[in-house]
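The values are calculated or read from the model by the stated rules, or taken from the named source; none is laboratory data. The model shown is predicted, which means the values in this text are computed figures rather than measured ones. Using ideal geometry, Cβ is built from the backbone for each residue, glycine included, and neighbour counts are taken over all protein chains shown. Keep in mind that these areas ignore ligands, DNA and RNA; they rest on the heavy atoms of the full protein, side chains included. Shrake-Rupley method; radii C 1.70, N 1.55, O 1.52, S 1.80 Å.
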Amino acid sequence: MEAKSHTKKERITFCIPVYNEEKMLVKNLKKIANELRNLFGETNYEIIIVDNGSIDNTPTLLRSIKNKNVRVIFCPEKGIGKAYRLAIQKARY
């Protein structure tokens, strides 16, 4: 299946709630960012990651992300719905 080609004017916000995802976080974030960059260009996307109270090494990994298109939010209240609502409130696109 061929990927749809997007115009450079289209923009997208990709919201990812996480909880204790230290084992998969970095690898999957790189894959998602690469795909979004290929589809939307270097500056037409953002990824918002909402940490939902992780107790493993996830918060440390999130603080170390150095990607201008990735924003990290720490949500003290647990619940995937709360994480998505917070991400939507903070979304630029």
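Brief remarks follow.
- For the stretch 61-93, a residue qualifies if it is of a type in the set (A, V, I, L, M, F, W, C), open to solvent by 20 Å² or more (accessible area, probe 1.4 Å) and in a loop (DSSP other than H, G, I, E, B), and the qualifying residues are I65, A91.
- Single residue of the stretch 17-49 satisfying the filter (among the hydrophobic types (A, V, I, L, M, F, W, C) and without any contact (Cβ under 8 Å) to a residue 24 or more places away in the chain) that is surrounded by the most Cβ atoms within 10 Å (Cβ to Cβ): I32
- Qualifying residue in the stretch 53-60 (condition: under 20 Å from I32 (Cβ atoms), under 14 Å from the mean Cα position of the chain (by Cα) and part of a helix (DSSP H, G or I)): yes
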